[in-house]
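See structure below.
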Amino acid sequence: MLRRLLICGLAAGACGGLLATGFAALVGEPVMDQVIAYEEGHGHAHEVGAHGAHEALAPVSRGLQKSAGLLTAALVYGVALGGIFALVFAVCYGRVARAGPRATAYGLAAAAFVVVYLVPFLKYPAGPPGATDPATIGRRTLLYVTMVAVSVLAAIAAGRLRPALARRWSAHAANLAVALSFAAIAVAAGVALPSVNEVPADFPATMLWEFRVAAVGMQAVLWAAIGLVFGAVAQRVMSGEPLLPRRVLRREPVAVVGE
């Protein structure tokens, strides 16, 4: 059973990576082109590496980054998340809430998007090239990973607390208490951790907004696809049905000439 769920998760992650690639190509890459043009026009090439510097020094051209590089990165990322998602689903199914496989997958995908990406993003939003200092990348990465860890641990603690609350209160009250507990921990961590604001004062606000919307949108598409695809196939796996409809698996008899 776990092996089949893992295969479903990898397949769902691949579908999510493909859809995220399409979203990034349509929404994200035009914004990246504007950001690179801003870098070139404002003299950031020597500080953070603008488009011209990338073309001259980078081993991967901008054209390859926008096509095969984007697809490869999104697929690898999506497949990895899909595999982890399947393992977490196997642990959570039937233990956190009384729901079917499809509903569990949908809820888990939504929770993963909020916990793993959205909450850390609200504290440390994505910064486009030219709006951050490369000398602080280590510190910024450490702070971001810390926020992700706090968010994930808070979600795990809330999930373990819910069954105890549900035995004493109604399901609605237990869910509300768990959500408030998670929010309180996330807000406390956000206040305690130092802020990072390296965006230049002359960086266009509209461009920054569009870049961050594209970043959130790509993650939303990825997690939505993982939840929807995995929920559909997990429903069949948990009910003992084949992954493909029976009419696809059934082979029609082949007529032999001369009979």
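Per-structure values
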| item | result |
| --- | --- |
| Over region 133-197, relative contact order from alpha-carbon pairs under 8 Å, at least 6 apart, % | 41 percent |
| Neighbour-count ranking [beta-carbon atoms within 10 angstrom, fewest first] of 23, 211 | 23, 211 |
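Where a number appears in this text, it was derived from the coordinates with a stated rule and is not lab data. Quick caveat: nothing in here was measured; it's all calculated off a predicted structure. Heads up, the Cβs are rebuilt from the backbone with ideal geometry, glycines too, and the neighbour counts pull from every protein chain shown.
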